[in-house]
Amino acid sequence: MARLFGLFSLLSLLLSAAQAQSGDRRGEVQGSLPANIKVPPAPVLRPDVEAATFKLAPGFRAELVAADPLIGDPIAVQFGPDGRLWVLELRGYMPNVEAQGEREPVCMIAVLADSDGDGRYDQRTVFADKLVLPRAISLVGDGLLVAEPPHLWFMRDTNGDGVADEKTEIASDYGNTTNPEHNANGLLWAMDNWIYSANYTARFRWLGEGKFLRDATITRGQWGITQDDAGRIYYNSNSDPLRYDAVPSAYLRRNPWFSAAGTAVQLVPGSLRIWPGRVTPGVNRGYKTLNAEGRLTAMTAASGPVVYRGALFPAEFHGDAFVPEPSANLIKRIKLTEKEGVVSGANAYEGTEFMTSTDERFRPVNLYHGPDGALYVVDLYRGILQHRIYITSFLRQQIDQRGLAEGRGLGRIWRIVPDGASRTNFKTIALAGATPGELVAKLGDANGWVRDTAQRLLVEKRDAAAVPPLRALVRDAARPALARLHALWTLDGIGGDALDATTIAAGWADQDARVAAAAIRLSERFFRGAGSLPAPEHGQVARAASKAADPAWVARLASLVGTRREPAVRLQLALTLGEAKSPAGDLALRDLVIVAGAQPLLADAVVSGLGGRENGFIELLVQQSAAAAQGGDVLRLATSAVLKSGDSARIERLLGIIGAEVTPEWARVPMLAGVRYFLPKSPEGRPFPGRLPIEPKPLIALASKAGSPAAPIAKQLVAQLKWPGKPGADASNARPLTPDEQKLFEKGQQTFAVLCAACHQPNGQGLAGLAPSLIYSRWVLGDARVLARIVLNGKTQENLVMPPWKAALDDQSIAAVLTFVRRSWGHDADPLTPAVVAEGRKATAARDEPFTDEDLQELLQTLPRERRRR
């Protein structure tokens, strides 16, 4: 940073108010480019001329598949099973640098056909037009899901003319209408037959006849979403190149007093080095992000990723991730490796990228698999990429000086193939008319797009004729493992009794860990005699039941604990045995912890399924000296979960275990670590006293026990705990609430339970990958005016985006929920009044974007000092 400011300091100027853009930060100095950085012109190029600007990894080439004027401003595509290409065109995005007119209904969805089979699309039909800033499309059933925030539509062509004539609203909260850069998108039909989105907290499942099931899920990334061969979901945000769901998200809400840490695992650091093929001055904060050569060195606009699952590329490319960076005019390849069930990533190249361009208008915004195994690049091809609400004066100057606002309505689709590959005849893709038997055979295809599409078509049709060959496929060890995996999930998607116990047992015995893990997960539907289910998630039904699982099924699962050593299988066993909710299931879990408790993510998986049964499980572990080597993490996390429950009886029992003479030291130490883990901490890591509902007598006794190695730890913890009757424990800076404030608090409590608890959890501790903890947050307990603005406009933090509530809640409702948050979980900040919210609403009336931590820090410096007590 010092080097950059040294380069720019001589040419820096403070921007005048007349020059200021909405992306500028108060008081920030934006320098001009140093004179030594020569910026070439950025004219609009013909597709053949643009192609000459590409540099690809050795052995690859780019072919043009479609281009303007046939298409314009493409942002997303999907191949149909008939070979046609569906293209979402964002023609209203940034029509000029002020974004004037972007709300005009000029966007559309085009369907392209290749009439002569030469591998170039040459015919166009407009399926739907007059759309306002749509975000995503997905072929489902006999129609198309279309994201036009805040609506998610299901559009159909009922008369066969190729044009949509019917649309049904599936969701009315699919994103917002104010901020295109932070909006729901994606619509990926994943292997588990749920449709997932980026930047949205719900998933959908096709039920047939235009109907969908909705279910809550974690939020994922910012733009784009993909999956690997095992069905794990990957996503990113602008400066965070790649993350994935290490644990299926359906399991993460099971224990309200424990937040699993394995929700989203960051594969590579946000500062991952990039190597553009040209200078990159046309970026938003180039005055501090460019190096001495005028080039970006880290991602600032990571976009729609894809995990390569085709067979056209050399084998060493299979399973790697490709991530476009349109600000730097490049596509990065990330080498993915898996160890102990955890995926990690690293640059595939040093000093270069998989694909770069010297054309500043090359804007790769999305990547896709094709039916032929090729990698398809959606090139928005335009000068302006950044939205108005984020453009800085530095970028505005670049846009104006070099004419980057010129050239709208363009766009290209590129096909990346190895040298020597022949052009694709899209007319030969014949899945649309395939019989059930033919589709079942396609589940073993070498290309992921073919397998995914065959599975989707079979699930959509729900043809009983497909069930026997699917069952046979799962049981046929001679068939490809991925074919068996897709067959299992296809049977699950068909529903009814398609997935039977015999097929599940065959899956358990499969030598491929991915197939065995899927079969274990799918067996949950049989736990309580619920084998014949319709399309809804098996896990939902299992968790809704209160009776214990069928002992026979649990016994069969328990037998796998000692025979399967693969990390993926063991992790799924930990998740599924927790669903049994029975003594036999917990005994099997104990045995699993003894042999594999130190495996990454396994302790999280175990404790996530123990809600209410932690003490019994702790006693099971403590009694087994064999658990000493592997059980520490489980004991620590389970102990913390009991303390967070606030249940006096459960806590008293737990403390008794910690202080008991018979408890071995190997178990006592991690349990004391669990007490420390329970202590609340601010999001910045600052510890605060923990509050217990009872006096921790066993802990106090342990603290005074002479000669005990645990005594000093216990003594330190006792000092950090509060309980009723402890001297000084009731001391608080909080003044009593007035009757009106108490009513506001109670209203806020109800509102929080309905609108906020799903993400921030009932105890305010948040959920990894979804929402940060509110406990002792500096924003929750800080200036009430800043807190009100956060709720009104939303907030971004790393890979998370909190939506704005200004349109959904009135001033009193926002004041109520914030009063509740500021007076709960040990907080004693002053209540928040509707007048404060009203003032914040007026002050942010012209603001569309969510706040960042940097924005809020600047805001604090500009507001008059607030008189308050916390």
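Expressed as a whole percent, the accessible area of the chain that falls on carbon and sulfur atoms is 54 (1.4 Å probe).
Toward the positive end of the charge dipole of the chain, with +1 on the Cβ of Lys and Arg and -1 on the Cβ of Asp and Glu, the farthest Cα among Pro241, Gly143, Gln227 is that of Pro241. Over segment 305-438, what number does the Rg to Rh ratio reach, with both radii from the alpha-carbon atoms and Rh per Kirkwood? Rounded to two decimals, Rg/Rh equals 1.06. Modelled spin-label separation between Glu166 and Leu207, with each label point placed 7 Å from Cα along the Cα-to-Cβ direction: 1.7 nm. With Rh defined as the Kirkwood radius, the inverse of the mean 1/r over Cα pairs, the Rg/Rh of segment 182-305 is 1.07.
In a fully extended conformation the segment linking Ser708 and Ala35 would gain 235.3 nm over its present Cα-Cα distance, using 0.36 nm per residue. Would you please state which residues of segment 41-66 a label at Ser115 would reach in this model, taking the label point 7 Å out along Cα→Cβ and a backbone N cut-off of under 17 Å? Only 66 fall inside the zone, counting backbone N under 17 Å. Kirkwood radius for the chain, taken over all pairs of different Cα atoms as the inverse mean of 1/r, rounds to 29.1 Å. A 1.4 Å probe run over segment 398-447, with the rest of the protein chains in place, finds 43 Å² accessible per residue. Comparing Pro281, Thr738, Pro69 along the charge dipole axis of the chain, the residue lying farthest to the positive side is Thr738, per the Cβ-charge model.
For segment 96-160, the solvent-accessible area works out to 38 Å² per residue, with a probe of 1.4 Å and every protein chain left in place. Taking each residue as 0.36 nm, the span from Val669 to Glu695 lengthens on full extension beyond its C-alpha to C-alpha distance by 7.3 nm. Based on every Cα atom in segment 154-221, Rg and the maximum pairwise Cα distance Dmax equal 13.5, 39 Å. Accessible surface for segment 689-763, divided over its residues, is 57 Å² per residue with a 1.4 Å probe. Here is the P(r) of segment 619-737: all C-alpha pair distances, binned every 5 Å from 0, give 2, 11, 21, 24, 20, 12, 6, 3, 1, 1, 0 in whole percents. Karplus-derived 3J(HN,Hα) values for segment 90-103, using 6.51 cos²θ - 1.76 cosθ + 1.60 with θ = phi - 60°, are 8, 5, x, 6, 6, x, 7, 5, 8, 6, 5, x, 6, 8 Hz; glycine and proline are entered as x.
The values are calculated or read from the model by the stated rules, or taken from the named source; none is laboratory data. As the structure is a computational prediction, the values presented were derived from the model and not from experiment. Ideal geometry is used to build each Cβ from the backbone, glycine not excepted, and the neighbour counts take in all protein chains shown. These area figures cover heavy atoms from the full protein model, side chains too; ligands, DNA and RNA do not enter into them. Shrake-Rupley method; radii C 1.70, N 1.55, O 1.52, S 1.80 Å.
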